[in-house]
């Protein structure tokens with residue numbers, strides 16, 4: 001379900017999340033974002049893992065991993081991406097949130113599902129209460145991988161017969177399938193459908209620009225309980 005829009009702060013937002021009065025969120029672009037210098041910004045040293053870290057008040061770079069979760073108002077949970085997917089999870093019933101950074105390695109490690117499980121453990125989250133928004137990332141139109149990577153996606157794309165050769169992978173669809181398997185309702189899954197590699201004027205892209213690529217900063221914050 002595509003329901004993203006570009007706002008006056010030069011960020012993309014998912015309309016169903018923007019409709020929640022207690023929540024702020026946004027998917028960054030090449031342009032400066034409002035939360036980049038917020039003193040309550042919380043980040044991680046991202047390592048393409050399945051590690052999910054809870055924060056109850058600490059700001060700054062608080063550890064090594066690829067997903068953050070909290071139920072505390074004020075904290076700005078953020079990830080940096082340049083082709084990898086920023087994924088937001090919102091427990092509307094318990095007012096708890098998570099944000100994840102999922103590239104192909106994180107996807108294969110089922111990071112999105114691990115984040116749902118971390119929310120279940122920490123907040124008693126029920127998957128059916130979650131909203132999940134998958135932001136801009138490299139699309140299947142541009143993401144070509146070798147057979148050594150493609151073959152590892154067989155469990156997520158059992159219908160495909162081309163995964164033993166050079167082919168293209170849809171990371172957003174892979175993560176959508178992972179989240180559905182955890183019990184997130186399909187009607188509460190929102191995909192931006194914005195390819196970072198195609199849209200050079202809007203997004204940084206590692207696949208397009210290599211080591212010269214910048215990073216986009218996506219974030220989520222609970223405003224009140």
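Just so you know, all these numbers are worked out from the coordinates, no wet-lab data involved. None of the values given here were measured: they were computed from a predicted structure. Backbone-built Cβ (ideal geometry, glycine too); neighbour counts: all protein chains shown.
Per-residue answers, yes or no, for (1) touching a strand residue (DSSP E or B) at 6+ places or on another chain (Cβ under 6 Å); (2) more than 19 Å from residue 125 (Cβ to Cβ):
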| position | (1), (2) |
| --- | --- |
| 37 | no, yes |
| 49 | no, yes |
| 56 | no, no |
| 59 | yes, yes |
| 66 | yes, no |
| 73 | yes, no |
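Of the numbered criteria (1) in contact with a helix residue (DSSP H, G or I) (Cβ under 6 Å, 6 or more places away or on another chain); (2) surrounded by 19 or more Cβ atoms within 10 Å (Cβ to Cβ), the one residue 81 fails is (1).
Of all residues in region 141-166, those being surrounded by 15 or more Cβ atoms within 10 Å (Cβ to Cβ), more than 12 Å from residue 104 (Cβ to Cβ) and under 21 Å from the mean Cα position of the chain (by Cα) number 2.
Would a scan of region 14-22 turn up a residue that is part of a strand (DSSP E or B) and either surrounded by 17 or more Cβ atoms within 10 Å (Cβ to Cβ) or within 14 Å of the chain's Cα centre (by Cα) (or both)? Within region 14-22, one or more residues are part of a strand (DSSP E or B) and either surrounded by 17 or more Cβ atoms within 10 Å (Cβ to Cβ) or within 14 Å of the chain's Cα centre (by Cα) (or both). Does at least one position in region 113-121 carry a residue that is within 23 Å of residue 204 (Cα to Cα) and touching a strand residue (DSSP E or B) at 6+ places or on another chain (Cβ under 6 Å)? Looking for residues that are within 23 Å of residue 204 (Cα to Cα) and touching a strand residue (DSSP E or B) at 6+ places or on another chain (Cβ under 6 Å), one finds none in region 113-121, hence no. Here is the figure for region 25-46: residues that are surrounded by 17 or more Cβ atoms within 10 Å (Cβ to Cβ), out of contact with any helix residue (DSSP H, G or I) (no Cβ under 7 Å at 6 or more places or on another chain) and part of a strand (DSSP E or B) total 6. Restricting attention to region 68-77, does a residue exist that is outside any loop (DSSP other than H, G, I, E, B) and surrounded by fewer than 18 Cβ atoms within 10 Å (Cβ to Cβ)? No, because not a single residue in region 68-77 is outside any loop (DSSP other than H, G, I, E, B) and surrounded by fewer than 18 Cβ atoms within 10 Å (Cβ to Cβ). Criterion applied to 59, 10 was being surrounded by fewer than 19 Cβ atoms within 10 Å (Cβ to Cβ), free of Cβ contacts under 8 Å to residues at least 60 places away in the same chain and closer than 27 Å to residue 193 by Cα, and the one residue passing it is 10.
One residue stands out in region 167-195 among those that are farther than 29 Å from residue 126 by Cβ and touching a helix residue (DSSP H, G or I) at 6+ places or on another chain (Cβ under 8 Å): the one that is surrounded by the most Cβ atoms within 10 Å (Cβ to Cβ), namely 169.
With respect to being in a loop (DSSP other than H, G, I, E, B) and in contact with a helix residue (DSSP H, G or I) (Cβ under 8 Å, 6 or more places away or on another chain), residue 49 fits the description.
For region 111-126, indicate whether the set of residues that are within 26 Å of residue 68 (Cα to Cα), touching a helix residue (DSSP H, G or I) at 6+ places or on another chain (Cβ under 8 Å), assigned to a strand (DSSP E or B) and without any contact (Cβ under 8 Å) to a residue 60 or more places away in the chain is non-empty.
So far as region 111-126 goes, no, none of its residues is within 26 Å of residue 68 (Cα to Cα), touching a helix residue (DSSP H, G or I) at 6+ places or on another chain (Cβ under 8 Å), assigned to a strand (DSSP E or B) and without any contact (Cβ under 8 Å) to a residue 60 or more places away in the chain.
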